[in-house]
Amino acid sequence: MAYTSTVSNTGGVSLKSPFAAIGAFFAAIGNAMIAASSNSSRLNKVEMLNAKSDAELAKMGIKRDDIVHHVFRDLYYI
């Protein structure tokens, strides 16, 4: 017959845990800033395309209703 045992060391105080939490917090802020700047450039492109006339959009092969889908096409599929 075999016996197994699991030991958990959650009772002690570890300095690694608070530093890891602080690092994760700043990493999340950095990732949010990167995502915001990426989406800002996409929104600028949507505004630029919205400012074009229907004839200009037709030359580009884009319908006015499909501008947002065209700009964000690599992020989602509908």
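The values are calculated or read from the model by the stated rules, or taken from the named source; none is laboratory data. Source: prediction; values computed, not measured. Here the Cβ is made from the backbone with ideal geometry for all residues, glycine too, and neighbour counts use every protein chain on show.
Table for the structure above
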quantity	calculated
Selected residue (criterion: farthest from the chain's Cα centre (by Cα)) from residues of the stretch 30-61 that are among the aliphatic types (A, V, I, L, M) and closer than 17 Å to residue 76 by Cβ	46
Residue match in the stretch 22-31 (condition: assigned to a helix (DSSP H, G or I) and either of a type in the set (Asp, Glu) or touching an Asp or Glu at 6+ places or on another chain (Cβ under 9 Å) (or both))	no
Output for the stretch 61-71, where each listed residue is loosely packed, with under 12 Cβ neighbours inside 10 Å and either in contact with a Phe, Trp or Tyr (Cβ under 9 Å, 6 or more places away or on another chain) or in a helix (DSSP H, G or I) (or both)	65
Test for residue 74: is it part of a loop (DSSP other than H, G, I, E, B), charged (D, E, K, R) and free of Cβ contacts under 8 Å to residues at least 12 places away in the same chain	yes
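Each row is one residue, and each column tells you yes or no for (1) hydroxyl-bearing (Ser, Thr, Tyr); (2) modelled with pLDDT of 80 or more; (3) touching a strand residue (DSSP E or B) at 6+ places or on another chain (Cβ under 6 Å).
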position	(1), (2), (3)
6	yes, no, no
10	yes, no, no
13	no, no, no
32	no, yes, no
44	no, yes, no
61	no, yes, no
